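For reference, the structure discussed in these notes is given below.
None of the figures in this text is laboratory data; all of them are computed from the coordinates on show. Please read all numbers here as calculations on a predicted model, not as lab measurements. Positions of Cβ are backbone-derived with ideal geometry, glycine not excepted, and every protein chain shown enters the neighbour counts.
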Amino acid sequence: MEKKAGQNTEYVVIKANEDGVNVIGLTRGSDTRFHHSEKLDQGEVMIAQFTEHTSAIKIRGNAKIMTSYGEITSGKE
Ligand code: TRP
């Protein structure tokens, strides 16, 4: 399939290592604020993209984050 200009096909995978991990989406543009918060329980996985609306993702709690840049753990190791 053709990739449209500016269309992001990459995903960020977040796997919660404990209950109550928060995945927070921050808005794109001059006003940077939270627009969505998703709570994951242990073992739950969220697969997300950076979009027209989302420029940054903040993760609170112990989770494994997998991106094309590599893997990182948030919270305690
Ligand atoms: N409606 C949001 C958007 O299209 C949904 C979303 C995409 C999101 N990526 C996210 C929410 C990452 C939280 C975190 O941008």
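Worth pointing out:
- Comparison of Lys58, Lys64 shows that the only residue that is within 13 Å of Val12 (Cβ to Cβ) and more than 12 Å from the ligand (Cβ to nearest atom) is Lys64.
- Count - residues of segment 1-21 that are exposed (fewer than 15 other Cβ atoms within 10 Å of the Cβ) and under 19 Å from Glu71 (Cα atoms): 5
- Residue satisfying all of: in segment 40-55; polar (S, T, N, Q) and within 14 Å of the ligand (Cβ to nearest atom); farthest from Arg28 (Cα to Cα) among these: Gln49
- For segment 23-55, a residue qualifies if it is of a type in the set (Phe, Trp, Tyr) and within 16 Å of Asn8 (Cα to Cα), and exactly one does: Phe50.
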